[in-house]
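Every read-out reported here was derived from the displayed coordinates using simple, explicitly stated rules and does not represent laboratory data. This one's a predicted model, so the numbers in the text were calculated from it and none came from an experiment. Positions of Cβ are generated from backbone atoms using ideal geometry, with glycine treated the same way; all protein chains shown enter the neighbour counts.
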Amino acid sequence: MPALVLLGAQWGDEGKGKATDLLGGSVDYVVRYQGGNNAGHTVVVGDQKYALHLLPSGILSPGCTPVIGNGVVVDPSVLLSELSGLNERGVDTSKLLISGNAHIITPYNVTVDKVTERFLGKRKIGTTGRGIGPTYADKINRVGIRVQDLYDESILTQKVEAALDAKNQILTKLYNRRAIAAGQVVEELLGYAEQIRPYVADTVLVLNQALDDDKVVLFEGGQGTLLDIDHGTYPFVTSSNPTAGGACTGAGVGPTKISRVIGILKAYTTRVGAGPFPTELFDKDGEALREIGGERGVTTGRDRRCGWFDAVIARYATRVNGLTDFFLTKLDVLTGWEQIPVCVAYEIDGKRVEELPYSQTDFHHAKPVYEMLPGWSEDITGAKTFSDLPKNAQAYVKALEEMSGAPISAIGVGPGRDETIEINSFL
Ligand code: GDP
Ligand code: IMO
Ligand code: MG
């Protein structure tokens, strides 16, 4: 039975949480495979609104087992407060599984994230300050702490000491900060251990057995394709692989198991933090998209940068992820514009370029080439089928589909679970 990957096709905040939640009722497992609590996924169920950061959006579907895979970085304090927040609202979280191989975001990783950004000054990345980059750096440097280390005090102590040896030199000598005491960190981490223990599992085995038993597994990406450490707008990226391949390494499932890769695509574009953004708007249209779309960060509360739809990026996302489908979100936000510009290519140093340039310098120079599409003024939030949409909205969707290189199989016309037009079934 199918393993599906659902991921962001732009710079994050495309509406992955809503899309995952929508499918959650029909799948057996929802798995986060990378990132951590830098993600902010909003899910609206009836009159209830949930903001999830670390937990998979499937946690809101009673029949579904939520899984935090080995590729995720886990801040234990955030994990426990997110769980208790949901429990207080009556959500059963007892099925959650966490990989023993997932890495822990320690308090010193959060400190290093913040001081590094401060030190970079105007060259900063604009991270979420949650310790994501430094935790992945420790993982790659082989000085990371894993969830399983919480259950062997002696190993945990040795590893924290080893990690802090070098970091304290940097913190005190370069950043002029106080050294962090290993003992205190160990004590704090051990304080979380027993509360987390019931969830810890060999998730690779569980997921592969589930697939062998014909269960449906959905991999939910955090962030988006252009924030990918390898395929995004480096260095203005996150420190993991939200692209489809990340689901294999981040959950321990072979690529032959994945049958469908769904790209979540906003009907316009947003970005949080620093970095190039060719279609960014600095005028009243950008302000209107932010206001109507509610484009404010779920994690940091920062205003999102807003711009028109960029088909060059969508085509790129199709290619690097092997997308089989798109889920187009927030079409309703575009209601009311007489004409809607869509970026179909870039002009770079006087030349028209159809595909995303690999060169950072070229991408920084890219100017959007726009095609104008006719808008619509009718309220579309109640639309249930494609034919309920006004003709111009239909044409906008069809044009985006043609430019982006994969079928648009669902369309979001509002934040609610049921405010979705399903065109092709995902399962
Ligand atoms: P994620 O990080 O990809 O899960 O996206 P976020 O939750 O950060 O941001 C998407 C926002 O758009 C959330 O507030 C959603 O409730 C909202 N949303 C999702 N789909 C739609 C849609 O089709 N229409 C409208 N108006 N809002 C949507
Ligand atoms: P969701 O899952 C949008 C951005 C940050 C920053 C860069 C690096 O809600 O789509 P990090 O803290 O990861 O080291 O920051 O990545 N970023 C996101 N932008 N949505 C997200 O998640 C993001 N997660 C990280 O703003 O530019
Ligand atoms: Mg988000």
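List of remarks:
- Hz values of 3J(HN,Hα) by residue in region 16-29 - Karplus curve (6.51, -1.76, 1.60), Gly and Pro given as x: 4, x, 5, 5, 5, 4, 4, 7, x, x, 10, 10, 8, 9
- The angle separating the long axis of helix 203-212 from the principal Cα axis of greatest extent in the chain is about 50 degrees.
- Student exercise, region 103-198 dipole from Lys, Arg, Asp, Glu Cβ charges, in Debye to nearest 20: 740
- Arranged from fewest to most other beta-carbon atoms within 10 Å of their beta carbon, Leu52, Leu156 become Leu156, Leu52.
- Positive-pole candidate from Val185, Val112, Ala163, dipole of region 103-198, charges at beta carbon: Val112
- Shape call, region 248-366: gyration tensor on alpha carbons, a/c limit 1.5: oblate
- Between 0 and 90°, nearest 10: helix 153-169 axis offset from the chain longest Cα axis: 70
- Dipole axis of the chain (+1 Lys, Arg; -1 Asp, Glu on Cβ), positive-most option in Ala314, Cys343, Leu174: Leu174
- With contacts taken as Cα pairs under 8 Å at a separation of at least 6 residues, the chain carries a relative contact order of 20 percent.
- Dipole magnitude of the chain about its Cα centre (Cβ charges: Lys, Arg +1; Asp, Glu -1), debye to nearest 20: 1080
- Long-range HN-HN contacts of Thr329 with modeled amide H, under 5 Å: Leu265, Lys266, Ala267, Gly412
- Taking all Cα pairs closer than 8 Å and separated by 6 or more residues, the relative contact order of region 7-72 comes to 38 percent.
- Highest-fluctuation residue, Trp376, Trp11, Trp337 considered, GNM on the chain with Cα pairs under 10 Å: Trp337
- Label-zone membership for region 350-382, site Phe282, 7 angstrom Cα→C-beta point, backbone N under 17 Å: 364-368
- Projecting the Cα atoms of Leu79, Val253, Thr324 onto the charge dipole of the chain (Cβ charges, centred on the Cα centre) puts Leu79 farthest toward the positive pole.
- Taken about its Cα centre, region 1-70 carries a charge dipole of roughly 80 debye when the Cβ of each Lys and Arg holds +1 and the Cβ of each Asp and Glu holds -1.
- Residue-wise HN-Hα couplings along region 378-393, as the Karplus relation 6.51 cos²θ - 1.76 cosθ + 1.60 with θ = phi - 60° gives them from phi, are 5, 5, 10, 5, x, 5, 10, 10, 4, 6, 6, 6, x, 3, 5, 5 Hz; Gly and Pro carry x.
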